[in-house]
Amino acid sequence: MTLSLGWLSALLAGFFSAHVLQKLCFPYFWRDLLFLLKVMRYGLKIELFKLRSRVHTVLDRFIQQAQRIPDKPFVIYEGNVHTYGDVERRSNRFAHVYLDEVKLKKGECVALLMSNEPDFLCAWFGLAKVGCSVAFLNTNIRSKSLLHCFNCCGAKTLIVGSDLVDTLDGILTTLLDDNIQVWAVKSHSEHTQVNTLLDKIDAASDQPVPAALRVTTSLKSPTLYIFTSGTTGLPKAAVITQLQSLKAAAGFWAFGVTEDDVMYVPLPLYHSAASLIGIGGTIELGATCILKKKFSASQFWSDCRKHNVTVFQYIGELCRYLCNQPKTELDKEHRVRMGVGNGLRQDVWRDFQSRYGNIKMCEVYGSTEGNLCFMNHIGKSGTVGRSNFFYRLLFKYDLVKYDMVKDEPVKDQHGFCQRVKQGETGLLLSKVSALSPFFGYAGSKELTEKKLMRNVFVKGDAYFNTGDLMAESQEGFICFRDRVGDTFRWKGENVATTEVTEILSQVDFIQEVNVYGVEIPGHEGRAGMAAMIVRPDLTFDGKKLFEHVTRDLPAYARPLFIRLQEVMEMTSTFKQQKFQLVQSGFNPSTVSDPLFVLDPQQQVYIPLTDGVHRSIVSGQRKL
């Protein structure tokens, strides 16, 4: 009896010691394991589609939900409720018009240029129901960029929202000459060559079109094209397959969101965050979404209180805007328990939770076209994701040394990349494999190849280059440090410096230009700045430059600062030197070159004086 008690005591002591050791050395072990098992369970369900004759898509899930909960609110927009059944029937009407009037065929690609509204979803779902892939066009792009988008994704039909028809002025003739038919979501059109949809939709049947039209047998089949700015200049059409859309739709569910939650989506639907994670996640759960046409900091919390919002989507800039709002006694009077998004700075994270309550912020890291995703399921402030032993077994990624001055990875004597030590900053690379495929971009294969790095550690391997500098802590938390190459982020949008450079180069007095992003205290991302050399026989014209950039560039891509140089510095590989320019910033007291700043009120670039600089840094001057 004494021996048995001894063994029992020893066993209990062993369990207790193991528990204490686990808490001290591996505090997140069980949370990591349970989260990964949850994600793996969903992944296994997707993999089983390969054994079946068809893939159960996000659209199939929506139709299933419309049959299960037809009267439940799916989308609430500007106070109007649209149930699952409403959107199902209206998207059927769109589908019938596509078949009978637009004469679309299964497999065609159709471009969609619409603002956030319920008919964006109905137009999108209707296209999917007739077997068409959809190219989501950024509503900020104009002229040359817009025409480029059609060419790279092969679309021959454009569906444009009623509020965006006027943005086609100047290129409508070119579209029609290229045999692109234009359909506006309107009942009447002032343009004789622009067809109308709403009058035909009102007369169409709301019964389902044949299910065979939407059937797909491959997870790799493209369902969407979402445009992303990259290092090649003009927007690139990232291929979104059924596999990617299904994975994204599980994001909310993975974080613990349920069908009883109410989601607030203020981000543009042409981006993957709102469409794939926001709408797709709402559909997967059978939840309700509050859709905003455009984010409004002043309306955000009143909307949340009015609709009993529990989960919202964000980008870091959005949370900063909310923190800058005047404080009220109602700041913590809401039911919001979670935010899902990316790009939240640690100081803003801290201020946001201090002011609005202990809302769990769930960061998601991953580019639209990328093959790697980090999810901060722990909710640790200032980190974009979580990694551990289990994660690394499934998803192969590495952080490699990067030379910021030369703007290239550091190689060893054999020409291979070098991994950084734990805690050090390095370029994030994700291995391309059957488990983590990279589907690339529509159009030229060269665009896809440019995002890959080959022979990274051994001959024959291939990695997706994220272009992001990251660091991984001892505990396995991933922190974003910076973005390298020719892309920076401003106002929640990626800005391709080569695209801006190409537009600026069209100005007659500019001989050479180098575009980059600079940090501004209190602002997310980097503001655009252009170092330029003026032609010897001409002079800098701030008025002409202002008119040019406002006409040909979206607001977020317009350089806020100009730096006039006599000589443009180059790297050893004859690339324009950006590192030193980024480091020197836009302070006129430390930069000897003439500096200018964009002034929207005067509609000109004005000299950047010490006083103007102080007003920008202090936040008095709005950017």
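From the square roots a ≥ b ≥ c of the eigenvalues of the alpha-carbon gyration tensor of the stretch 257-342, which class results: rounded (a/c under 1.5), prolate (a/b over b/c), or oblate?
oblate
Please list, or write none, the aspartates and glutamates whose alpha carbon is within less than 19 Å of the alpha carbon of Lys50, excluding same-chain residues fewer than 8 places away.
Leaving aside aspartates and glutamates fewer than 8 places away in the same chain, those within reach of Lys50 are Asp60.
Report the per residue volume, in Å³, of the convex hull enclosing the C-alpha atoms of the stretch 158-211.
That works out to 99 Å³ per residue.
For the stretch 337-471, compute Rg over Rh where Rg is the Cα radius of gyration and Rh is the Kirkwood radius from the inverse mean 1/r over Cα pairs.
That ratio is 1.02, to two decimals.
Which links in Lys105/Lys236; Lys129/Lys292; Lys380/Lys450; Lys491/Lys544; Lys200/Lys220; Lys543/Lys578 stretch past 28 Å when you go from one Cα to the other?
On the way: Lys105/Lys236 25 Å; Lys129/Lys292 25 Å; Lys380/Lys450 34 Å; Lys491/Lys544 24 Å; Lys200/Lys220 34 Å; Lys543/Lys578 26 Å.
Where the Cα-Cα span goes over 28 Å, the pairs concerned are Lys380/Lys450; Lys200/Lys220.
Sorted by mean Cβ packing within 10 Å, highest first, what order do the peptides 408-421, 375-388, 204-217, 465-478 take?
Taking the mean over residues of other Cβ atoms within 10 Å, the ranking is 375-388, 465-478, 204-217, 408-421.
Mind checking the alpha-carbon convex hull of the stretch 107-193 and giving the volume per residue in Å³?
Hull volume over Cα atoms, normalised by residue count, gives 92 Å³.
Once every Cα of the stretch 215-265 carries one equal point scatterer and solvent is ignored, give the base-10 log of I(q)/I(0) from the Debye formula at q = 0.14, 0.22, 0.25 Å⁻¹, two decimals.
Debye output, listed in q order: -0.56, -0.88, -0.92.
As an exercise, identify the trypsin sites (Lys or Arg not before Pro) in the stretch 124-192 lying in DSSP coil whose Cβ has no more than 13 other Cβ atoms within 10 Å.
In loop regions of the stretch 124-192 (DSSP not H, G, I, E or B), there are no sparsely surrounded trypsin sites (Lys or Arg not before Pro).
In the stretch 268-372, what GluC sites (Glu not before Pro) fall in a loop by DSSP, with at most 12 other Cβ atoms inside 10 Å? Could you put the intermediate results ahead of the total?
Details: sites: Glu284, Glu317, Glu329, Glu333, Glu363, Glu369; in loops: Glu329, Glu333, Glu369.
Counting only loop positions with at most 12 other Cβ atoms within 10 Å, the GluC sites (Glu not before Pro) in the stretch 268-372 are Glu329, Glu333.
With every protein chain kept in the model, how would you rank Trp30, Trp349, Trp253 by accessible area, 1.4 Å probe, largest at the top?
Trp30, Trp253, Trp349
Tell me the GluC sites (Glu not before Pro) within the stretch 54-159 that lie in a loop according to DSSP and have at most 11 other beta-carbon atoms within 10 Å. Present the calculation step by step, with values, prior to reporting the outcome.
Details: sites: Glu78, Glu88, Glu101, Glu108; in loops: Glu78, Glu101, Glu108.
Sparse-neighbourhood loop GluC sites (Glu not before Pro): Glu78.
With every protein chain left in place, what is the accessible area of His82 in Å² (1.4 Å probe, nearest 10)?
About 50 Å², ignoring ligands and nucleic acids.
Ranked highest first by the average count of other Cβ atoms within 10 Å around their residues, in what order do 234-244, 66-76 fall? All intermediate terms of the calculation are to be shown ahead of the outcome.
Details: 234-244: 24.0, 66-76: 17.1.
My ranking of the peptides, most packed first, is 234-244, 66-76.
Let me have the 222 nm mean residue ellipticity of the chain computed from DSSP H runs of 4+ only, each contributing -39500 (n - 2.57), with the sum over all residues rounded to the nearest 500.
Mean residue ellipticity at 222 nm (helix-derived): -9500 deg cm²/dmol.
Ignoring any ligand, DNA or RNA, what whole percent of the accessible area of the chain comes from carbon and sulfur when the probe is 1.4 angstrom? Working shown, then result.
Details: 15060 of 28290 Å².
Roughly 53 percent of what the probe reaches on the chain is carbon or sulfur.
Mind grabbing the accessible area of Arg335 for me, 1.4 Å probe, Å², rounded to tens?
Only protein atoms counted, so the area is about 150 Å².
At each listed q (0.13 Å⁻¹), what is the log10 of I(q)/I(0) that the Debye formula gives for the stretch 554-623 modelled as equal alpha-carbon point scatterers?
These q points yield log10 I(q)/I(0) values of -0.43.
Ranked from highest to lowest mean number of other Cβ atoms within 10 Å per residue, what is the order of the peptides 490-501, 291-302?
Top to bottom by mean Cβ count within 10 Å: 490-501, 291-302.
If you average 1/r over all unlike Cα pairs in the chain and invert the result, what Kirkwood radius do you get in angstrom?
It works out to 26.4 Å.
What distance in nm lies between label points placed 7 Å from Cα along the C-beta direction at Thr174 and Ser298?
Each label point lies 7 Å from its Cα, and together they span 3.7 nm.
Sorted from largest down, what three extents in whole angstroms do the Cα atoms of the stretch 353-405 have along their principal axes?
38, 34, 22
Under the rule of at least 5 residues apart or a separate chain, name every residue whose amide H is placed under 5 Å from the amide H of Asn494.
Ser229
Over all directions, average the projected area of the Cα convex hull of the stretch 231-289 and note it in nm².
Working: hull surface 18.8 nm².
Convex hull of Cα atoms, orientation-averaged projection: 4.7 nm².
Across all directions of projection, what mean area in square nanometres is found for the Cα convex hull of the stretch 28-95? Walk me through the intermediate numbers first.
Working: hull surface 30.4 nm².
For the stretch 28-95, averaging the hull's shadow over all directions gives 7.6 nm².
How much accessible area per residue does the chain have, counting only protein heavy atoms and a probe of 1.4 Å, in square angstrom? Can you show the working numbers first?
Working: 28290 Å² over 623 residues.
Value for the chain: 45 Å² per residue.
Once the mean 1/r over all distinct Cα pairs of the stretch 142-265 is inverted, what Kirkwood radius in angstroms do you read off?
It is 17.8 Å.
Kindly state, as a whole number, the per residue volume in cubic angstrom of the convex hull around the alpha carbon atoms of the stretch 407-466.
In the stretch 407-466, the Cα convex hull volume per residue is 113 Å³.
Which three semi-axes in whole Å describe the equivalent ellipsoid of the stretch 76-221, each the square root of 5 times a Cα gyration tensor eigenvalue, listed largest first?
After diagonalising the Cα gyration tensor, the semi-axes are 23, 19, 15 Å.
Quick one: plug the Kirkwood hydrodynamic radius of the stretch 504-623 (C-alpha pairs) into Stokes-Einstein at 37 °C, 0.692 mPa s, and report D in µm²/s.
In µm²/s, the coefficient rounds to 223.
For a quick check: with amide H placed at 1.01 Å from N, whose amide H comes under 5 Å from Arg621's, ignoring anything fewer than 5 positions away on the same chain?
Those lying under 5 Å, H to H, from Arg621 are Ile616.
How big is D, in µm² s⁻¹, for the stretch 442-514 by Stokes-Einstein at 10 °C and 1.306 mPa s if Rh is the Kirkwood radius over C-alpha pairs?
Using the Kirkwood radius from Cα pairs, D works out to 102 µm²/s.
The values are calculated or read from the model by the stated rules, or taken from the named source; none is laboratory data. Keep in mind it's a predicted model, so treat the numbers as computed, not measured. Heads up, the Cβs are rebuilt from the backbone with ideal geometry, glycines too, and the neighbour counts pull from every protein chain shown. Areas reflect the complete protein model, heavy atoms only, side chains present, ligands, DNA and RNA absent. Shrake-Rupley method; radii C 1.70, N 1.55, O 1.52, S 1.80 Å.
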